[in-house]
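S.K.: Here's a structure for you.
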Amino acid sequence: MPRFSRTGGLARRLGLDRNPLRRRTDRIQACLGAGLLLAFLIGAPFLAVAAAHWAGHVAVAEQRAQRAWHEVTAILLRGAPNSVVFTSGFEGGAWVPARWTAPDGQAHTGQIEVSTGVAAGTRVPIWVTTAGSPTGPPLTNRALTARLVLAAVTAVALLAAVLACLARIGRWVINRRRLARWDAAWATVGPQWTKRFWSRG
């Protein structure tokens with residue numbers, strides 16, 4: 001198939017051809033759709049890069065702060081139950097009291113999460129801050145990469161959602177104008193058709 005024919009077919013499907021039967025609102029709607037599509041194709045890569053850069057900056061700042069964290073050994077003061085079932089029906093770990101020593105030598109006692117079925121007196125490694133408060137494990141490079149990907153995908157998805165909302169609003173406005181013009185045209189032509197119908201009847 002010639003390239004000219006393919007191009008013409010694409011323009012006809014998008015409503016951008018010079019068909020004299022197309023109304024002005026049809027062309028406006030076609031241009032609006034093409035403009036929003038172009039905005040997505042141009043904006044999505046830049047927005048994804050910007051979101052990933054921002055997420056990376058935040059993650060690197062977190063990693064710097066987490067360098068002061070330490071891994072210590074906590075001793076369970078009470079055994080964990082054999083199973084814990086949440087109201088949602090899923091099983092999970094149990095929170096039990098434990099004792100540990102902070103990096104500054106201070107003894108601490110608090111609740112930590114452990115696997116079910118662990119007996120009292122068991123030694124469990126945990127991560128703590130410089131103040132001795134328990135915290136999660138430091139951010140790994142794999143988790144950092146996952147954050148970057150998630151930030152980029154979320155940014156592109158939000159851009160697509162915003163543009164889709166704009167498309168719906170634009171289509172709604174154009175359809176209202178289209179219906180208003182149809183009503184105006186029928187108000188002009190309708191009485192003439194009615195007179196012809198009754199004159200023939």
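The values are calculated or read from the model by the stated rules, or taken from the named source; none is laboratory data. Please read all numbers here as calculations on a predicted model, not as lab measurements. Don't worry about glycine lacking a Cβ; one is built from the backbone with ideal geometry, like all the others, and counts go over all protein chains shown.
S.K.: For Asn175, all conditions in the list (1) of a type outside the set (Gly, Ala, Ser); (2) surrounded by 11 or more Cβ atoms within 10 Å (Cβ to Cβ); (3) under 30 Å from Leu36 (Cα atoms); (4) modelled with pLDDT of 85 or more hold save one; what is the number of the exception?
M.R.: For Asn175, the exception is condition (4).
S.K.: So for the range 144-153 (the condition being modelled with pLDDT under 90, farther than 30 Å from Leu36 by Cβ and out of contact with any Gly (no Cβ under 8 Å at 6 or more places or on another chain)), does at least one residue qualify?
M.R.: No, because not a single residue in the range 144-153 is modelled with pLDDT under 90, farther than 30 Å from Leu36 by Cβ and out of contact with any Gly (no Cβ under 8 Å at 6 or more places or on another chain).
S.K.: Separate question: When you go through Gly93, Gly110 one by one, which is the residue that is at pLDDT below 85 and under 30 Å from Val60 (Cα atoms)?
M.R.: Working: Gly110 fails: at pLDDT below 85.
It is Gly93.
S.K.: Still on this structure, I have one more. Out of Ala146, Ala151, Ala131, which single residue is closer than 22 Å to Gln63 by Cα, of a type in the set (A, V, I, L, M, F, W, C) and outside the structural domain of Val60 (by TED's automatic domain parsing)?
M.R.: Ala131
S.K.: When you go through Leu159, Leu150 one by one, which is the residue that is touching a helix residue (DSSP H, G or I) at 6+ places or on another chain (Cβ under 6 Å) and either within 30 Å of Trp95 (Cβ to Cβ) or surrounded by 12 or more Cβ atoms within 10 Å (Cβ to Cβ) (or both)? Before the answer, list the steps.
M.R.: On the way: Leu150 fails: touching a helix residue (DSSP H, G or I) at 6+ places or on another chain (Cβ under 6 Å).
Going through Leu159, Leu150 in turn, just one is touching a helix residue (DSSP H, G or I) at 6+ places or on another chain (Cβ under 6 Å) and either within 30 Å of Trp95 (Cβ to Cβ) or surrounded by 12 or more Cβ atoms within 10 Å (Cβ to Cβ) (or both): Leu159.
S.K.: Scan the range 114-133 residue by residue and report those that are touching a Pro at 6+ places or on another chain (Cβ under 9 Å) and assigned to a strand (DSSP E or B).
M.R.: Result: Ile126, Trp127, Val128.
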